[in-house]
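Below is one structure, written out as structure tokens, with a few remarks after it.
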Amino acid sequence: MSAAVDVLVVGAGPAGAAAGLAARRRGLDVLVVDKAAFPRDKTCGDGLTTAALRLIEHLGVDITALPGYMAVRETVLVAPDGRRVSLPLGTDGDYAAVVPRVELDAAIVDTARRAGVEVRDGVGVTAIDTNGDGVTATTGDGAVRARFVVAADGHYSFVRRCLRPPAPPELGTWHAFRQYFTGVDDPRLYVLFEADLLPGYAWVFPLPDGRANVGFGVLRRPGTTGKELNARWRELLTRSSVRTILGPGAEPEATHRAWPIPASFEYDALDDGRVLYVGDAANVVDPLTGEGIAQAIETATIAVDAIATGEPETVGERYRERVRRALGRDLRFAAALQRVLRSRRGAALAVRTAGLTPWTRRNFARWMFEVYPRALLLTPDRWRRGMFAGTGAYRRSL
């Protein structure tokens, strides 16, 4: 079946589904395709910041009704020397939450479909041809001719590899492991700055019914093998710092899974003519935390806005500039802060500073979970009254 649309979105994860919704609301004819069939799992830490929660709520998706949704009311930071600092989160909405991606992604896709977006899952793209005033994609359902393509197909983006051959596969800036556990009694969210993981960290993210997403992320260093990372993961689960949090009744579910996290953001990698890259395909992942959901949804929305406004010849330029203003400076700032966490001393100082007073604990939590942009203090053009205020998402659910 051949088709002609204004926007073809490749990938139906949070970025792709958000792009479909944004295009539909803009009155554009849009088609979303994904080679996977939903619901499908996506290996992830499953954590959501305030920024991500607000954006998901704005999409019209009430994820608080999902069976795996867990609102976080308290976060505990653990320094390399074992010092713990508890960060209370606000009660005027949800400031952080955990929900399995198999549920989250399916919920956003379902919302897009209910809004009238045509989503063809189980349909992959096999070729991309850019020419003149459009793009032709070959899919499992036939050819699709589009004025623009939004590539939301992840860090191994097939669309990018079609247009920039022979580009090597994106191996990721970080490498992460995740495993689900049952029998975890502590409902708090833990971030552990283990000395040998810095500037990465280990985590225990709570889920309903005593489950937890347990994992760690480390920078990908030259020469590190998968075998070495697997051995580190097994050893990490035996450490008292982790076992104390999990408790004596914790048991693993199935096996662990690993995945790369792309965080090497560059402006010139955001577009190829009439193809705009969003989310992981654009490497717009927070290099400090590995968070990517908020960035994925925001870049998708910005991409569609750029397509819907102005002349086609300037879409790429408008997209790059709007990403720079909305996200680029925060990503650069987070990358600079990452250097602080490379040493035991830097990580210990960060945790100690966060716990100095009730004021620092409260406001460090707001900064950490992106209640406002990370580099807001350094970007006067974004200053406004009440810029450090703001509530959480889903206030009506409390």
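Brief remarks follow.
- Candidate set: the range 132-152, residues that are part of a strand (DSSP E or B) and of a type in the set (A, V, I, L, M); chosen: the one nearest to the chain's Cα centre (by Cα): 151
- Residue that is surrounded by the most Cβ atoms within 10 Å (Cβ to Cβ), among those in the range 324-360 that are farther than 23 Å from residue 218 by Cβ and polar (S, T, N, Q): 360
- All conditions but one from (1) at pLDDT below 90; (2) part of a strand (DSSP E or B) apply to residue 276; the one that does not is (1).
- Some residue of the range 57-65 being over 30 Å from residue 3 (Cα atoms), touching a residue at least 60 places away in the same chain (Cβ under 8 Å) and part of a loop (DSSP other than H, G, I, E, B): yes
- Test for residue 153: is it among the acidic types (Asp, Glu), modelled with pLDDT of 95 or more and buried (at least 23 other Cβ atoms within 10 Å of the Cβ): yes
- Close pairs from the range 318-339: first more than 10 Å from residue 288 (Cα to Cα) and of a type in the set (D, E, K, R), partner surrounded by 19 or more Cβ atoms within 10 Å (Cβ to Cβ) and modelled with pLDDT under 95, Cβ under 7 Å, at least 6 apart: 330/374
- Of all the residues in the range 1-47, those that are β-branched (Val, Ile, Thr), touching a Ser or Thr at 6+ places or on another chain (Cβ under 9 Å) and under 20 Å from residue 302 (Cβ atoms) number 1.
- Close pairs (8 angstrom Cβ cut-off, 6 or more residues apart or separate chains): within 16 Å of residue 187 (Cβ to Cβ) in the range 76-91, polar (S, T, N, Q) and modelled with pLDDT of 95 or more anywhere: 76/86; 86/75; 87/75; 89/75
- The set of residues from the range 189-221 being over 21 Å from the mean Cα position of the chain (by Cα) and assigned to a loop (DSSP other than H, G, I, E, B) comprises 194, 221.
- All conditions but one from (1) more than 13 Å from residue 107 (Cβ to Cβ); (2) surrounded by fewer than 23 Cβ atoms within 10 Å (Cβ to Cβ); (3) hydrophobic (A, V, I, L, M, F, W, C) apply to residue 66; the one that does not is (1).
- Taking every residue in the range 296-311 that is under 9 Å from residue 22 (Cβ atoms) and pairing it with any residue that is of a type in the set (A, V, I, L, M) and not in a helix (DSSP H, G or I), at least 6 positions away or on another chain, the pairs with Cβ-Cβ distances below 6 Å are 300/278; 303/150; 303/276; 303/278.
- For residue 227, the criteria (1) more than 30 Å from residue 317 (Cβ to Cβ); (2) touching a residue at least 12 places away in the same chain (Cβ under 8 Å) hold in every case but one, which is (2).
- The one condition in (1) assigned to a loop (DSSP other than H, G, I, E, B); (2) within 28 Å of residue 253 (Cβ to Cβ); (3) of a type outside the set (Ser, Thr, Tyr) that residue 77 fails to fulfil: (1)
- Qualifying residue in the range 94-104 (condition: more than 20 Å from residue 395 (Cβ to Cβ), in contact (Cβ under 8 Å) with a residue 24 or more places away in the chain and part of a loop (DSSP other than H, G, I, E, B)): yes
- In the range 299-315, the count of residues that are among the hydrophobic types (A, V, I, L, M, F, W, C), assigned to a helix (DSSP H, G or I), over 28 Å from residue 107 (Cα atoms) and in contact with a strand residue (DSSP E or B) (Cβ under 9 Å, 6 or more places away or on another chain) is one or more.
- Inspection of the range 13-24 identifies at least one residue that is at negative phi and surrounded by fewer than 24 Cβ atoms within 10 Å (Cβ to Cβ).
- Identity of the residue in the range 236-285, of a type in the set (Lys, Arg) and surrounded by 14 or more Cβ atoms within 10 Å (Cβ to Cβ), that ends up farthest from residue 145 (Cα to Cα): 257
- In the range 376-391, of all residues being of a type in the set (A, V, I, L, M, F, W, C) and in a helix (DSSP H, G or I), the one that is surrounded by the fewest Cβ atoms within 10 Å (Cβ to Cβ) corresponds to 378.
- Here residue 198 meets the list (1) in contact (Cβ under 8 Å) with a residue 60 or more places away in the chain; (2) within 17 Å of residue 69 (Cα to Cα) almost entirely, failing just condition (2).
- Screening residue 160 on (1) under 25 Å from the mean Cα position of the chain (by Cα); (2) modelled with pLDDT under 95; (3) surrounded by fewer than 19 Cβ atoms within 10 Å (Cβ to Cβ) shows it passes everything except condition (3).
The values are calculated or read from the model by the stated rules, or taken from the named source; none is laboratory data. Everything numeric in this text was worked out from a predicted model, so none of it was measured. Note: ideal-geometry Cβ built from the backbone for every residue, glycine included; neighbour counts use all protein chains shown.
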